[in-house]
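Q: There's a structure below that I have some questions on.
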Amino acid sequence: MRAAWLICRKDLKARLRDRSAVLIGIVVPLGLAFIFNAIFSGISGGSNVISLGVVNADRGVASQQFTSQVLPAVGRSGLISIHAEPSLARARALAANGTLAAVIVIPAGFSARVQANQPASMQVIGNVDAPISAEVARSIAESYAADLNRIRLSVATVVANGGTAQVQALAARAAAAAAPVAVADVSAQTKELNQKSFFAAGMAVFFLFFTVQFGVTSLLEERNDGTLARLLAAPISRVSILGGKLLTSFLLGAISMAVLVAATTVLFGATWGNPVGVTVLIVTAIMAATGIMALIATVARNAEQAANWQSVVAVILGLIGGTFFPVALAPGVLSKITFVAPQAWFLRGLGDLRGGSVSVVWVPALAMLAFAAVTGGLALFRLRRLAEV
């Protein structure tokens, strides 16, 4: 084992000296995580408050119920702030300059049309740069309109059947009913990473596969340079040689992940979860990545070809595994095949940690260990033959 450690230390010094491992394992993923967070800030994660304006040009019973009951219930969630605006022109201007994400407009005569059993509608003005917020405002308005239609249909049915005495009872029940729209923040209970944590974890595990390849491809480099023959001629076992190369990959991956976890937590405010669970997921992800990259290296003719093939596989697995976007939420077959990639299991484990105990990581961890066992076993078999050439 001492010989394996000496080989590992030599390779680590070489990679740190030429800055390649530092660049691929730390600088690039950290930079991309920062860029993605800056680009998609406010689109996901649910941390920003949506500012909605309301213009009540009606002042009737139906509109007053909307502004005094429905909107306050929505605003109590803390996710949406409601701003009453005095005029349509002012509200439109605020929506145009981005102060308000969207505006709900209740036109004059809205209540009268509702009471007269005539079609009535509200308008939504959205900021062009906040389409999701405009959809939220539209959903609130449509929910209230659907509730009005249900009440109107119930009253019309009772009256048509001669039950006018029951109208007052229906009105009392409608007044006591809960608001038709309610928004609650359940982000702490959902098994989904927030925006900062998702991009931090996604970039970390994506570039992990590029980082661990340095150890196993160095065996091909030494074979091409002739230094492998010298190692084989020395009183060093082949197991020590292979162990040193694999240990290099594992330590490079561990250093990369440890630095990225600490850096993204401090710089971006990413929340990775329980340290024990995160450590289990990181260790098993490194083992899976090392096994896959080692297996690819054994079928290549030289280090350059191995690096090219490893990069292609790393990118494909990264895209399938959802390191750039949550593929598991996609419709169709794409959401089914995502778990053929270890990256998907890693992100799944981190997501489960948000809503459960440490025990929830064992299924993703065992899945990644299965990847490591199968690919690593095949790689060791082929690497032993490679070391004999």
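Q: Going by the structure shown, is residue 297 within 20 Å of residue 24 (Cβ to Cβ) and more than 17 Å from the chain's Cα centre (by Cα)?
A: In short, yes.
Q: Would you mind finding the one in 206, 250 that is of a type in the set (Phe, Trp, Tyr), within 23 Å of residue 371 (Cα to Cα), touching a Ser or Thr at 6+ places or on another chain (Cβ under 7 Å) and crowded, with 19+ Cβ neighbours inside 10 Å?
A: Every option except 206 fails the conditions.
Q: Is there any pair linking a residue in the range 332-343 that is in contact (Cβ under 8 Å) with a residue 40 or more places away in the chain to one that is outside any loop (DSSP other than H, G, I, E, B) and hydroxyl-bearing (Ser, Thr, Tyr), with Cβ under 9 Å and at least six apart or on different chains, and which?
A: Every condition considered, the pairs that remain are 342/284.
Q: Restricting attention to the range 255-281, which residues are open to solvent by 10 Å² or more (accessible area, probe 1.4 Å) and within 20 Å of residue 12 (Cα to Cα)?
A: 255, 258, 259
Q: Just to be sure, is residue 333 open to solvent by 40 Å² or more (accessible area, probe 1.4 Å), more than 18 Å from the chain's Cα centre (by Cα) and under 18 Å from residue 205 (Cα atoms)?
A: No; evaluated as a whole, the condition is false for this residue.
The values are calculated or read from the model by the stated rules, or taken from the named source; none is laboratory data. Please read these numbers as outputs of a predicted model, since none were measured by experiment. Note that we place each Cβ from the backbone using ideal geometry, even for glycine, and neighbour counts take in every protein chain shown. The area values use the complete protein model at the heavy-atom level, side chains included, leaving out ligands, DNA and RNA. Shrake-Rupley method; radii C 1.70, N 1.55, O 1.52, S 1.80 Å.
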